[in-house]
Amino acid sequence: QVQLVESGGGLVQPGGSLRLSCAASGSSFSIYTMGWFRQAPGKQREWVATITSIGSTNFADAVKGRFTIARDNAKKTVYLEMNSLKPEDTAVYYCKAIKPGFVYWGQGTQVTVSS
């Protein structure tokens, strides 16, 4: 069993930055592929970024070049660094942990980009 707790969301002006954190409990964090997803009001949840157990990363086109993802296995934490934020980045951001046969979600953290 893995529990995920996101933090770091908030209100930021367009062009600003935020760093989201996702802290995991439980064992074997290092073997999980970790992902960030987001869901804007009235829209389906969409994938944002992924980092594998060996540190390979991938990003949705909408955030490529602006967001980075990193993990600290000793702290059992994955981060999403968001730069050059746009109003369309406004959403609830969710953390996801995946390994064969298992999927866990966090409760989400709100990010609002507005002037």
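Two decimals is fine: what is log10 I(q)/I(0) at q = 0.28 Å⁻¹ for region 38-115, from a Debye sum with one equal scatterer on every Cα and no solvent? For region 38-115 at q = 0.28 Å⁻¹, log10 I(q)/I(0) is -1.62.
A straight line joining the Cα centroids of region 84-101 and region 1-64 runs 4 Å.
Straight Cα distances below 20 angstrom link Lys96 to the aspartates and glutamates Glu6, Glu46, Asp61, Asp72, Glu81, with same-chain residues fewer than 8 positions distant left out.
Among beta bridges identified by DSSP and lying wholly in the chain, the antiparallel ones come to about 95 percent. Pairs of Cα atoms nearer than 8 Å and 6+ residues apart set the relative contact order; for region 14-106 it is 38 percent.
The phi-based Karplus calculation (6.51 cos²θ - 1.76 cosθ + 1.60; θ = phi - 60°) puts the 3J(HN,Hα) values of region 94-107 at 10, 9, 9, 10, 9, 8, x, x, 9, 9, 10, 10, x, 8 Hz, whole numbers, x for Gly and Pro. The value of relative contact order for region 72-115, using C-alpha pairs under 8 Å at least six residues apart, is 37 percent.
Since every read-out is calculated from the coordinates, none of them should be taken as a lab result. Model, not experiment: these values are computed from the prediction.
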